[in-house]
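J.: Have a look at the structure that comes next, please.
The values are calculated or read from the model by the stated rules, or taken from the named source; none is laboratory data. A quick note: this is a predicted structure, and the numbers were derived from the prediction, not measured. Quick reminder, even Gly has a Cβ in these numbers, built from the backbone with ideal geometry, and neighbours come from all protein chains shown.
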Ligand SMILES: O=C(O)CCC(=O)C(=O)O
């Protein structure tokens with residue numbers, strides 16, 4: 001598979017970044033976030049996974065060697081550990097790091113904020129767990145088509161541990177039809193799994209992959225004995241509409257299986273990192289599986 005293009009040296013250049021995002025549908029930044037900040041989150045989450053019995057007892061928890069009790073996202077036995085992870089302030093604070101908010105604002109051309117549904121992925125080895133099927137985020141996130149996703153490895157993610165791959169140029173395909181599938185999200189976009197423009201890399205903590213909501217992407221199978229630990233966060237312009245959740249607005253990922261932020265944030269130093277700014281307009285959700293979703297116009301004018 002082809003290697004991702006590194007945009008690290010163009011981080012300050014909004015015009016270059018916007019043009020590359022329009023053409024490729026993604027931007028990759030090697031080492032954008034301080035390694036010690038990511039390492040601290042990794043360590044806190046590894047401790048939770050160890051205490052939840054998801055990790056082998058005879059290995060250093062930081063190695064994330066899976067025990068037989070590590071389960072696929074959303075299945076029985078998942079929500080205890082996931083609630084503890086969602087209660088971890090340092091994890092949520094990663095989403096509002098100045099590097100990420102500035103990057104989103106630079107690309108969108110105005111102030112941006114992070115959706116509070118910050119997602120942590122704990123991908124167990126395959127077979128046994130299915131990797132996230134290829135998809136476009138627009139059907140899941142809805143609201144503004146220009147919502148941006150960042151995907152961050154929280155531990156080293158060489159291709160064999162099943163990091164993310166993106167299909168370069170895929171926003172030009174518009175909103176694709178979907179089929180039911182196994183794996184997180186349970187929907188697969190109808191795109192060519194073997195296209196020559198699939199790209200990935202050997203991810204390291206501190207790296208950031210950003211893509212638009214029409215970019216086709218998915219995870220690869222985890223062929224190691226370790227858990228793959230990563231985060232995905234979403235950003236949108238303050239002036240753009242945000243999709244209302246079924247049970248309110250600005251809820252945690254997997255709410256209501258995961259408690260509300262009022263419970264998760266007990267004892268935190270600040271809750272700002274999980275708040276939606278005042279004045280954001282909300283719109284209703286539509287059924288993400290419907291066949292013909294018109295492709296909304298994008299400020300990135302995908303070419
Ligand atoms: O990390 C994964 O397995 C899936 C992440 C993803 O698809 C996303 O960020 O939209």
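J.: Considering only residues of segment 178-198 that are away from the ligand (no atom under 14 Å from the Cβ) and assigned to a loop (DSSP other than H, G, I, E, B), which is surrounded by the most Cβ atoms within 10 Å (Cβ to Cβ)?
T.: Once the filter is applied, the top-ranked residue is 197.
J.: Right, another one. Which one of these is closer than 18 Å to residue 253 by Cα and free of Cβ contacts under 8 Å to residues at least 60 places away in the same chain: 114, 81?
T.: It is 81.
J.: Answer yes or no: is there a residue in segment 10-20 that is buried (at least 21 other Cβ atoms within 10 Å of the Cβ) and touching a residue at least 24 places away in the same chain (Cβ under 8 Å).
T.: No: segment 10-20 contains no residue that is buried (at least 21 other Cβ atoms within 10 Å of the Cβ) and touching a residue at least 24 places away in the same chain (Cβ under 8 Å).
J.: Inside segment 47-65, can you point out the residues that are assigned to a loop (DSSP other than H, G, I, E, B), farther than 14 Å from residue 125 by Cβ and touching a residue at least 24 places away in the same chain (Cβ under 8 Å)?
T.: The answer is 52, and nothing else.
J.: Tell me, please, whether a residue that is at positive phi and away from the ligand (no atom under 16 Å from the Cβ) can be found in segment 105-121.
T.: yes
Okay, residues lined up against (1) over 30 Å from residue 169 (Cβ atoms); (2) without any contact (Cβ under 8 Å) to a residue 60 or more places away in the chain; (3) assigned to a loop (DSSP other than H, G, I, E, B); (4) in contact with a helix residue (DSSP H, G or I) (Cβ under 9 Å, 6 or more places away or on another chain):
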{"position": "235", "(1), (2), (3), (4)": "no, no, no, yes"}
{"position": "240", "(1), (2), (3), (4)": "no, no, yes, yes"}
{"position": "262", "(1), (2), (3), (4)": "yes, yes, no, no"}
{"position": "277", "(1), (2), (3), (4)": "yes, no, yes, no"}
{"position": "289", "(1), (2), (3), (4)": "no, no, yes, yes"}
{"position": "293", "(1), (2), (3), (4)": "no, no, yes, yes"}
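J.: Give the residue that is nearest to the chain's Cα centre (by Cα), with candidates limited to residues of segment 199-231 that are in a strand (DSSP E or B) and more than 14 Å from the ligand (Cβ to nearest atom).
T.: Within segment 199-231, the match that is nearest to the chain's Cα centre (by Cα) is 199.
J.: If residue 93 satisfies all but one of (1) in contact with a strand residue (DSSP E or B) (Cβ under 9 Å, 6 or more places away or on another chain); (2) more than 11 Å from the ligand (Cβ to nearest atom); (3) under 30 Å from residue 278 (Cα atoms), what's the number of the condition it fails?
T.: The failed condition is (1).
J.: Scan segment 72-91 and give yes if some residue there is at positive phi, within 18 Å of the chain's Cα centre (by Cα), assigned to a loop (DSSP other than H, G, I, E, B) and at pLDDT below 95, otherwise no.
T.: Among the residues of segment 72-91, at least one is at positive phi, within 18 Å of the chain's Cα centre (by Cα), assigned to a loop (DSSP other than H, G, I, E, B) and at pLDDT below 95, which makes the answer yes.
J.: Further question on the same structure: Cβ-Cβ below 8 Å, separation at least six or inter-chain, first residue in segment 135-158 and on the phi > 0 side of the Ramachandran plot, second away from the ligand (no atom under 11 Å from the Cβ) and not in a loop (DSSP other than H, G, I, E, B): which pairs?
T.: As it stands, the answer is 142/243; 142/283; 143/236; 143/242; 143/243; 143/283, since those pairs meet every condition given.
J.: Counting only residues that are in a loop (DSSP other than H, G, I, E, B), touching a helix residue (DSSP H, G or I) at 6+ places or on another chain (Cβ under 8 Å) and buried (at least 24 other Cβ atoms within 10 Å of the Cβ), how many does segment 148-177 have?
T.: Qualifying residue count for the region: 1.
J.: Starting from residues that are under 16 Å from residue 222 (Cα atoms) and out of contact with any strand residue (DSSP E or B) (no Cβ under 8 Å at 6 or more places or on another chain), keep the ones in segment 100-127 and report whichever is surrounded by the fewest Cβ atoms within 10 Å (Cβ to Cβ).
T.: Here the residue is 127.
J.: Sticking with this structure for a sec: Being exposed (fewer than 14 other Cβ atoms within 10 Å of the Cβ) and either in contact with a strand residue (DSSP E or B) (Cβ under 8 Å, 6 or more places away or on another chain) or at negative phi (or both) narrows it down to one of 287, 245, 232, so name that one.
T.: 287
J.: So is residue 143 part of a loop (DSSP other than H, G, I, E, B) and within 13 Å of the ligand (Cβ to nearest atom) or not?
T.: no
J.: Among the residues of segment 250-273, what is the count of those that are closer than 18 Å to residue 96 by Cβ and in contact with a strand residue (DSSP E or B) (Cβ under 9 Å, 6 or more places away or on another chain)?
T.: Count: 4.
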